[in-house]
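To keep things clear, I will list the structure first and then write my remarks on it.
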Amino acid sequence: MTKLHNIIEQVTQDIIKRSHATRQDYLSRMQANFGKKVKREQLGCTNLAHAIAAEDDKVKFILKQVDSPNIGIVTAYNDMLSAHQPYYRYPEELKAAVAKAGGTAQVAGGVPAMCDGVTQGQAGMELSLFSRDVIALSTIIGLSHNVFDGVMCLGICDKIVPGLLMGALSFGYLPTIFIPSGPMPSGISNKVKAETRKLYAEGKVGQDALLESELKSYHAAGTCTFYGTANSNQMLMEIMGLHVPGSAFITPNTPLRHALTEFAAKQIVGITSQSKNFIPLCEIVTEKSIVNAIIGLIATGGSTNHTIHLPAIAKACGILINWDDFAKISHIVPSLTKVYPNGEADVNQFHAAGGVAYVISELLDAGLLHEDVMTVMGRGLSRYTSNPMLEDGKLVWKKAVNLDEKIVRPVTNPFAPEGGLRLLTGNLGRAMTKISAIAKEYRYVKAPAAVFNTQDEVIEAYKAGKLNRDCIVVLCYQGPRANGMPELHGLTPALSSLQDKGYKVGLVTDGRMSGASGKIPNAIHIAPESLSGGNLAKIIDGDIVELDLENGILHLHIDDVELNRRSLRQAVLACNEHGLGRELFTNFRANVTSSETGATSTF
């Protein structure tokens, strides 16, 4: 095995040192519960009777025993999310597979699951980020009945996987496995879809053409096929060892998908405390596996949302990370994939070309990943360098190979020598950008600011022709404290149109753009946010803003005396406080941490 890169080792040791007290406190709480089986004597007779009242006699008999594991299913099923619709029949399938392995399974609870694709540009998007903490709390409530020996988490999309994992980590003394349902089959290309959106923004095609294009792209059960937050989630679950190897990108309702689901159910039974191979969640999610997650995100150009989610996940188990950790890793980890929006391929084509397993194999061989980590399959990340397939109806794994270097590359011939995410710093604060999605010729913009308070204001200015010039759109008061930090994809078609017309444009905001941020140079997630006194809210129209993605610079060109003298731009937030239940999230907004520390009010 190649020696680990010294920067990876240094970052890992920095995190271990920084997290020593909080991690030890977490582990001591988890270890106090290690190996405790859910025995009948732990529960009063009435408690146990309630827990098994609805089961048939056979299951009741098993549940009364002390030696058979009972697995809790936490499901994010709903049939509005295409990615989660296949989960409809998973509980029955999983219960049958667990029974074959000598255990029982019960649905511990359901968690909410928002679709950011449905809420884009809508008021409901202001609840999206906070839904992650609600999901974590809902997971905790489902598992709080204390009748489970292991956990199966059913979730895929944007806030759902982070929320499930954050909640499950409160029960880190239990084995936990994540079970995906896979991406939908490929529809029209993402490039064609994006072009139609741009033409619609320019008024060159009507709503009928736009809807027809969207329906051809989002057309079946499964995740959206671009490499946004949902599919970045799936990569992370693989590289952190929380999936069955190679299971992320197998399409729903196929024999291979069913075989992997059944295998996962049997595997969780085999790592409970009743087995000889006990593997609790807290021994899988460690400082090393968190560093591996950051590396995977950077090497594949994954969603910028995970620069928020990974700090929150880490914090849930006593590990403290920050954007400097991402930045140090990004300088030495190369970009190995071209998957939309970083390229034209979708995740189905990525998997067929070698997929996550090939990326892991390459990073391990180059000393750019920790191999000595625990996974749901046992110790060692090398188990995740093979992809699953069926041979004569039997599930087997074969070493991943590169079948298309237009989509995935070896470390010796990367698409770029550095990673897909970049930290930007300057007198406007700290921000992130997804540099791998932005062509080199667009990575530097120095232009007058055009300042707005809402996404709608930007789109109105675009339609009125007021942005037909070189400019950097500055969008204030979009952070978690202000309005829940909604994603701002509605700006992408308009700003793309301006860029295609030859104008130098950029976007600077304390809001989010996520994994589908597109080709516009941007500085997003700015911390401190406007409502916390960030200098973003001191910019006025016409100020010169410099956005240099290659060199990590975000700078407002006024002197420090003038910057300190200026007052903050007036916030207009009344319209964000009510409607669609937003009034119930007042405490979330008031108590949320910064984007760099996970934008969480719970952990």
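The values are calculated or read from the model by the stated rules, or taken from the named source; none is laboratory data. This is a predicted model, so every value here is computed, not measured. Cβ atoms come from the backbone with ideal geometry, glycine included; neighbour counts cover every protein chain shown. Heads up: the accessible areas ignore ligands, DNA and RNA and are worked out on the full protein's heavy atoms, side chains in. Shrake-Rupley method; radii C 1.70, N 1.55, O 1.52, S 1.80 Å.
Report yes if Lys204 is open to solvent by 80 Å² or more (accessible area, probe 1.4 Å) and more than 30 Å from Val376 (Cβ to Cβ), otherwise no.
yes
Identify all residues within region 275-310 that are out of contact with any Lys or Arg (no Cβ under 9 Å at 6 or more places or on another chain) and open to solvent by 10 Å² or more (accessible area, probe 1.4 Å); write none if there are none.
Hits for region 275-310 are Ser275, Lys276, Asn277, Phe278, Glu283, Lys288.
Residue check, Gly465 against (1) in contact with an Asp or Glu (Cβ under 9 Å, 6 or more places away or on another chain); (2) farther than 23 Å from Thr304 by Cα, all met but one. Which one?
The number of the failed condition is (1).
Considering only region 135-152, I want to know if a residue exists there that is more than 26 Å from Lys95 (Cβ to Cβ) and open to solvent by 10 Å² or more (accessible area, probe 1.4 Å).
Within region 135-152, not a single residue is more than 26 Å from Lys95 (Cβ to Cβ) and open to solvent by 10 Å² or more (accessible area, probe 1.4 Å).
Would it be correct to say that Arg443 is in contact with a helix residue (DSSP H, G or I) (Cβ under 8 Å, 6 or more places away or on another chain), charged (D, E, K, R) and under 24 Å from Leu554 (Cβ atoms)?
Yes: the conditions hold for Arg443.
Within region 235-254, does at least one residue satisfy the condition of being open to solvent by 10 Å² or more (accessible area, probe 1.4 Å) and small (Gly, Ala, Ser)?
Scanning region 235-254, I find no residue that is open to solvent by 10 Å² or more (accessible area, probe 1.4 Å) and small (Gly, Ala, Ser), so the answer is no.
For Ser595, work out the one condition from (1) modelled with pLDDT of 95 or more; (2) farther than 19 Å from Phe326 by Cα it doesn't fulfil.
So the condition that Ser595 fails would be (2).
Sort out for me the strands (runs of 3 or more DSSP E) sitting completely within region 353-460 that have 2 or more residues that are of a type in the set (D, E, K, R) and over 21 Å from Thr307 (Cβ atoms).
Correct list: 394-399.
List pairs: first residue in region 441-463 and more than 20 Å from Ser530 (Cβ to Cβ), second residue assigned to a helix (DSSP H, G or I) anywhere in the structure, Cβ distance under 6 angstrom, at least six positions apart or on different chains.
Final answer for the pair search is Tyr462/Ala494.
Looking at Ser496, is it among the polar types (S, T, N, Q), touching a residue at least 60 places away in the same chain (Cβ under 8 Å) and open to solvent by 40 Å² or more (accessible area, probe 1.4 Å)? Break it down into steps so the answer makes sense when it comes.
Details: among the polar types (S, T, N, Q): yes; touching a residue at least 60 places away in the same chain (Cβ under 8 Å): yes; open to solvent by 40 Å² or more (accessible area, probe 1.4 Å): no.
Spelling it out, it is not the case that Ser496 is among the polar types (S, T, N, Q), touching a residue at least 60 places away in the same chain (Cβ under 8 Å) and open to solvent by 40 Å² or more (accessible area, probe 1.4 Å).
Regarding region 62-73, can at least one residue be identified that is over 23 Å from Ile52 (Cβ atoms) and of a type in the set (Lys, Arg)? Write out each step before concluding.
Within region 62-73, the first condition is being over 23 Å from Ile52 (Cβ atoms), and the residues that meet it are none.
The answer is no, given that none of the residues of region 62-73 is over 23 Å from Ile52 (Cβ atoms) and of a type in the set (Lys, Arg).
Which number in (1) free of Cβ contacts under 8 Å to residues at least 12 places away in the same chain; (2) in a helix (DSSP H, G or I) marks the one condition that Lys204 misses?
Unmet condition: (2).
Could you list, in sequence order, all residues of region 556-585 that are open to solvent by 70 Å² or more (accessible area, probe 1.4 Å) and at pLDDT below 90?
Gln570, Val572, Ala574, Cys575, Glu577, His578, Leu580, Leu584
How about region 401-412: which of its residues are open to solvent by less than 70 Å² (accessible area, probe 1.4 Å) and free of Cβ contacts under 8 Å to residues at least 60 places away in the same chain?
Asn402, Asp404
Give the number of residues within region 224-238 that are under 25 Å from Gly72 (Cβ atoms) and either assigned to a loop (DSSP other than H, G, I, E, B) or out of contact with any strand residue (DSSP E or B) (no Cβ under 7 Å at 6 or more places or on another chain) (or both). Explain how you work it out, then say what you get.
Initial filter on region 224-238 (under 25 Å from Gly72 (Cβ atoms)): 230, 233-234, 236-238.
This time we only want the ones that are either assigned to a loop (DSSP other than H, G, I, E, B) or out of contact with any strand residue (DSSP E or B) (no Cβ under 7 Å at 6 or more places or on another chain) (or both), so: 233-234, 236, 238.
Qualifying residue count for the region: 4.
I'd like the full set of residues that are crowded, with 24+ Cβ neighbours inside 10 Å and among the charged types (D, E, K, R), limited to region 432-480.
Correct list: Lys434 only.
Is one or more of the residues making up region 363-382 buried (at least 23 other Cβ atoms within 10 Å of the Cβ) and of a type in the set (D, E, K, R)?
no
Just checking, how many residues over region 512-543 are crowded, with 24+ Cβ neighbours inside 10 Å and of a type in the set (Asp, Glu)?
Number satisfying all stated conditions: 1.
I'm told Thr509 meets every condition in (1) touching a Cys at 6+ places or on another chain (Cβ under 9 Å); (2) surrounded by fewer than 24 Cβ atoms within 10 Å (Cβ to Cβ) except one. Can you identify the failing condition by its number?
The one condition Thr509 does not meet is (2).
Yes or no, residue by residue, for (1) touching a residue at least 60 places away in the same chain (Cβ under 8 Å); (2) β-branched (Val, Ile, Thr); (3) more than 26 Å from Leu127 (Cβ to Cβ):
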residue	(1), (2), (3)
Ile160	yes, yes, no
Leu165	yes, no, no
Phe171	yes, no, no
Ile177	yes, yes, yes
Leu210	no, no, no
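Every residue in region 288-306 that is β-branched (Val, Ile, Thr) and either under 13 Å from the mean Cα position of the chain (by Cα) or more than 9 Å from Leu369 (Cα to Cα) (or both), please.
Scanning region 288-306 gives Ile290, Ile294, Ile298, Thr300, Thr304.
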